[in-house]
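Working notes, structure below.
The values are calculated or read from the model by the stated rules, or taken from the named source; none is laboratory data. All values reported here derive from a predicted model rather than from experimental measurement. Every residue, glycine as well, gets a Cβ built from its backbone with ideal geometry; the counts of neighbours run over all protein chains shown. Calculation scope for accessible area: heavy atoms of the full protein, side chains included, ligands and nucleic acids excluded. Shrake-Rupley method; radii C 1.70, N 1.55, O 1.52, S 1.80 Å.
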Amino acid sequence: MKKRILRLFFVLIIIGVFSHWNLSHEAAAVYDILITNARIIDGTGNPAFSGYIAVKGERIAAVGDVTCDAGFVIDASGLVVCPGFFDPHSHADLNIAEFPLAENFIMQGVTTFIGGNCGLSPAPTEEMSFSEWLSRIEEEGISINYAPLVGHNRIRELVMGEDFKREASGEEVEKMKAYVEESMQSGAFGLSSFTDPSPGEYASFSEILEMVKTAGKFGGVYFPHTRHIQSQWPSGDAEEYGYGIFHGPMEDVWVGMYRGVQEVIDIGRQTGVPVHIAHFSNVYLIPQPHPEFLEEAAARASLWNIDMAREEGIDVTFDAIMSASSISSEVPLFREFVRSRNVALKFLNGLSAEEFSAKLESGEFRERIREVYRRGRIKLGMIHTKADPYWFNCFTVLHHKDGSYEGKTIGEISDQERKDPLEVLFDLLAEDPDVRWVQHLDRRQTEAVTKVFLQHPLTMACTDMGAYPAEPEGSPLPPPIAYGMYPAYIKKYVKERKIISLEEAIKKATSLPSQVISLEDRGILRRGAFADILVFDFDRLDYKGSFLDPAVRPAGISYVLVNGRVVYKDMQHTRARPGKVLRRR
């Protein structure tokens with residue numbers, strides 16, 4: 001009897017051992033990806049630590065001391081592992097259907113973007129509801145996560161059509177609110193607006209207030225492009241509508257940016273809805289030449305507006321573009337005049353570059369353009385030539401058949417040749433119709449401003465860019481920041497200038513923006529969070545793109561994962577489309 005009991009006991013032990021081995025073996029096999037020997041920066045701002053990260057399906061299964069096998073192992077020895085970058089201000093939704101791989105974002109480590117900014121969501125339209133738009137993108141598949149906003153401008157145009165150069169009626173406002181409701185119910189995270197030259201410029205404060213209140217009922221956030229952030233000049237004619245023209249008091253040329261920020265803060269005050277200010281910048285502009293410390297003081301004063309609002313209890317946050325050239329790209333100089341956004345120059349629109357160049361031989365022809373300039377109806381790049389009379393110091397010649405001009409600003413050429421800056425442009429074009437230039441400096445967000453902004457705990461990094469292929473075609477080319485803003489931001493402000501720590505820089509590009517729209521399981525590395533992960537070599541991290549060659553893959557980006565799937569490795573997009581259309585819960 002005892003022998004039988006002992007035999008049974010040993011059998012049970014053996015069965016238990018094999019069962020445990022099988023369970024352990026199965027447990028080891030459940031992880032799809034294991035990232036080993038990593039320097040982990042989790043996105044919270046906490047210090048980096050060493051460890052492993054295990055991924056199962058779409059989510060992170062474990063972080064820290066992980067002992068297991070996996071289907072795919074990434075040896076991150078000597079590498080940093082952090083959440084994928086989260087772009088809080090993007091326009092990728094406007095062309096994500098055309099470029100679903102979003103290669104320019106993926107190659108620099110961006111795994112999520114907030115779209116629908118500046119009032120410019122792709123839906124609703126007469127043909128497609130907001131819900132239908134989101135479903136379409138889901139069905140087609142994308143490589144990146146997309147968190148949608150609904151745009152006030154889109155809705156205003158839909159309701160008012162071409163008759164938008166006025167305040168909306170009560171009935172029209174109710175129709176707009178209905179579109180906001182449908183969009184919020186479909187999963188929009190909030191409402192964006194754009195009150196510079198556009199249909200939104202004509203909206204009254206009360207109209208926007210009602211739209212924000214409606215979004216707020218569903219837990220939405222208000223994302224404003226603040227009024228007068230663009231450089232522009234006033235017109236007393238409501239029908240004169242176009243780039244660089246606004247309707248309001250003359251003094252708003254100089255104090256409008258401050259008033260625009262105060263306007264959206266007041267909307268937050270009256271509605272209780274969180275306000276996230278788009279591409280926040282220096283609201284105290286100083287166009288004339290000045291020492292850097294004056295600009296730094298103005299930047300601190302700009303942040304004071306945010307701090308005072310928050311002390312009052314208003315939930316205000318903001319993002320900023322980490323580039324002194326902002327969203328500038330190289331452009332043919334003649335396009336600033338011919339078929340440009342300057343409506344007062346439409347008499348030039350039928351000319352080719354060669355024809356325009358030939359006509360500039362005529363003093364009478366030049367005088368006609370000069371008169372438009374004197375009337376304050378010419379905006380070059382993002383600078384209105386009346387609002388900033390020192391505009392010529394912000395533009396650089398990139399390509400000219402006379403190579404001696406290349407790399408010089410218009411101001412430098414003006415001084416060198418003792419010519420009026422506008423005359424310099426005419427001469428450059430007369431000599432070479434294919435001359436190309438770029439606005440290399442945006443006074444709203446210079447290096448001095450960015451240095452101050454980055455030290456504020458709320459500053460978040462954004463691109464303000466659309467989606468582009470790895471090898472763009474045509475002209476003008478996308479700006480360099482479309483392909484390398486985030487690596488350049490870390491290299492410049494962490495590695496070289498040591499303005500902030502790597503942990504803080506990553507927090508500003510990951511968990512901080514995800515918190516704005518209450519996405520607790522994005523922008524962070526912890527168990528249960530979605531596996532949006534970036535693996536990079538801090539020592540090698542670099543971006544060498546330029547205005548003439550922006551589509552350069554950043555160095556040092558080793559792997560990018562979106563929802564647990566590898567979308568970038570060996571400097572190449574894998575063509576996978578694991579991205580999701582995120583919806584407000």
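Of note:
- Listed values for region 509-514 are Karplus-derived 3J(HN,Hα) couplings in whole Hz (6.51 cos²θ - 1.76 cosθ + 1.60, θ = phi - 60°), namely 10, 9, 5, 4, x, 5, and x replaces Gly and Pro.
- In the chain, the calculated helix contribution to ellipticity at 222 nm averages -10000 deg cm²/dmol per residue, counting -39,500 (n - 2.57) for every DSSP H run with n ≥ 4.
- Using alpha-carbon coordinates, inclination of helix 2-29 to the longest axis of the chain, degrees: 10 degrees
- FRET efficiency, 1/(1 + (r/R0)^6) with R0 41 Å, evaluated for Val30 and Arg339 via beta carbons: 0.10
- Cα lying deepest toward the dipole's positive end in region 189-261, options Tyr258, Phe246, Gly220, charges on Cβ: Gly220
- From the alpha carbon centroid of region 114-193 to that of region 555-585 is 27 Å.
- Mean Cβ neighbour count within 10 Å, used as a protection proxy, ranking 64-72, 45-53, 311-319 highest first: 311-319, 45-53, 64-72
- Phi to ³J(HN,Hα) by Karplus 6.51 cos²θ - 1.76 cosθ + 1.60 over region 32-43, Hz, x for Gly, Pro: 7, 9, 10, 9, 10, 6, 8, 8, 8, 10, 7, x
- For the peptides 323-335, 287-299, residues were scored by their other Cβ atoms within 10 Å and the scores averaged per peptide; the highest-first order is 323-335, 287-299.
- When the square roots of the Cα gyration tensor eigenvalues are ordered a ≥ b ≥ c, the ratio a/c for region 320-438 is under 1.5, which makes its shape rounded.
- Cβ-placed point charges (K, R +1; D, E -1), dipole of the chain about Cα centre in debye, nearest 20: 2520 debye
- Once both labels are positioned 7 Å from their Cα atoms along Cα-to-Cβ, the gap between Glu520 and Glu181 label points is 2.9 nm.
- Gain in span if fully extended, His290 to Phe72, counting 0.36 nm per residue against the direct Cα distance: 72.9 nm
- Relative packing of peptides 205-217, 124-136 - highest average C-beta neighbours within 10 Å first: 205-217, 124-136
- Net lengthening on full extension, Arg310/Asp237 (0.36 nm per residue, minus Cα-Cα): 22.5 nm
- Maximal additional length on extending the Glu167-Asp402 stretch stands at 79.5 nm, based on 0.36 nm per residue less the C-alpha distance.
- Residues in region 88-96 carry Karplus couplings, in order, of x, 9, 9, 10, 5, 5, 6, 9, 5 Hz; the curve used is 6.51 cos²θ - 1.76 cosθ + 1.60 with θ = phi - 60°, and Gly or Pro positions show x.
- Solvent-accessible area, 1.4 Å probe, carbon plus sulfur percent, for region 351-508: 48 percent
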